[in-house]
1. Filtering segment 85-98 down to residues that are among the β-branched types (Val, Ile, Thr) and within 19 Å of Tyr20 (Cβ to Cβ), which residue is modelled with the highest pLDDT?
2. Hey, which of the strands (runs of 3 or more DSSP E) in segment 1-98, taking only ones fully inside, have at least 3 residues that are buried (at least 22 other Cβ atoms within 10 Å of the Cβ)?
3. Within segment 99-108, which residues are in a loop (DSSP other than H, G, I, E, B) and closer than 19 Å to Asn17 by Cβ?
4. Being modelled with pLDDT under 95 and farther than 25 Å from Glu119 by Cα is the filter here; which residues of segment 48-73 pass it?
5. Among the listed residues Gly64, Gly106, Gly101, Gly79, identify the single one that is closer than 17 Å to Ile8 by Cα, without any contact (Cβ under 8 Å) to a residue 40 or more places away in the chain and of a type in the set (Gly, Ala, Ser).
6. Applying the selection to segment 1-24, what residues are modelled with pLDDT under 95 and either of a type in the set (Val, Ile, Thr) or in contact with a Gly (Cβ under 9 Å, 6 or more places away or on another chain) (or both)?
7. Scan segment 109-121 for residues that are among the hydrophobic types (A, V, I, L, M, F, W, C) and part of a loop (DSSP other than H, G, I, E, B) and jot them down.
Amino acid sequence: MLNDHQRILIIDDEEENRFYFSSILSGAGYECLMAENGTEGHEMYEKERPAVILLDINMPGISGMVALRKIRATGQSYGLDPKVVMLTARAEKEFVTEALGNGAAGYLLKTVTPEKLVETVKTQLA
């Protein structure tokens, strides 16, 4: 069994995306957890405390930006620094600026290559 430092939480409302990113990361040796919305993702973060979170921005219910703030606040209340990477189709500069301003550790477009996805997760774990 992998330790908590190898667990990745993927939060995306599109099942196809969750399974695609999970298959890439599982193939690289990571344990992947999945949530289909921001509320479920925040609850899973509280319970599981994965090392890295990949978070979509556009989701029903609470947006990825709101989920980012909630996850960061929860982690910080436990003395942790959650590594949240926004993984989204939104390339507009204002979304990037807002995400990074709210504590995101990185920002990837969903067109990311498998190699870049794995490299980004490794960087966040280092």
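The values are calculated or read from the model by the stated rules, or taken from the named source; none is laboratory data. Source: prediction; values computed, not measured. Quick reminder, even Gly has a Cβ in these numbers, built from the backbone with ideal geometry, and neighbours come from all protein chains shown.
1. Result: Val85.
2. 7-11, 52-55, 83-88
3. Here is the first cut: in segment 99-108, the residues in a loop (DSSP other than H, G, I, E, B) are 102-105.
The answer is Ala104, and nothing else.
4. The answer is Met59, Pro60, Gly61, Ile62, Ser63.
5. Numbers: Gly64 fails: without any contact (Cβ under 8 Å) to a residue 40 or more places away in the chain; Gly101 fails: closer than 17 Å to Ile8 by Cα; Gly79 fails: closer than 17 Å to Ile8 by Cα.
Every option except Gly106 fails the conditions.
6. Residues satisfying the conditions are Leu2, Gln6.
7. Listed by number, the list holds a single entry, Val112.
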